[in-house]
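Coordinate-derived values only; no laboratory data. All of these numbers come straight from a predicted model, not from anything done at the bench. We place every Cβ from the backbone using ideal geometry, glycine too, and count neighbours over all the protein chains shown.
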Amino acid sequence: MVTDAGYALPTAVVARSIANMQTPNIGPIYFVWIDDEAPPRELIVYLDRSGINLVTAQNSLLRTMKPAYAGYVTRASAARLFLATLLDKFPIDKFLCLDGDIEVAGAL
């Protein structure tokens, strides 16, 4: 899941609901933070208690693209296109990127 400060709360709640499902073979859950500010301490604790991996992405390419965005398209929205690069330090063969405004009603 990818978010910035503006959508962190709902994204964290969705991530935790997925973590609580304990679906076999789902692997680790990564919460990718794309924001100029550091994630708030409360968010770090919430994710840690949920067993969710927080990744703070400092990506200069995304920073340089920000002035070109208009309206509702945020850096976090564009970051989904760069997940393979942002998470390249982790042993991930496949990933599924979910938005923070969904409800997961069954096993993934």
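Each peptide in 34-41, 76-83, 19-26 was scored by the mean count of other Cβ atoms within 10 Å over its residues; highest first, the order is 76-83, 34-41, 19-26. Scanning residues 5 or more positions from VAL55 or on other chains, those with amide H under 5 Å from its amide H are PHE31, VAL32, TRP33, with H placed 1.01 Å from N in the peptide plane.
Per-residue ellipticity at 222 nm, computed for the chain from helices alone with -39500 (n - 2.57) per DSSP H run of at least four residues, works out to -9000 deg cm²/dmol.
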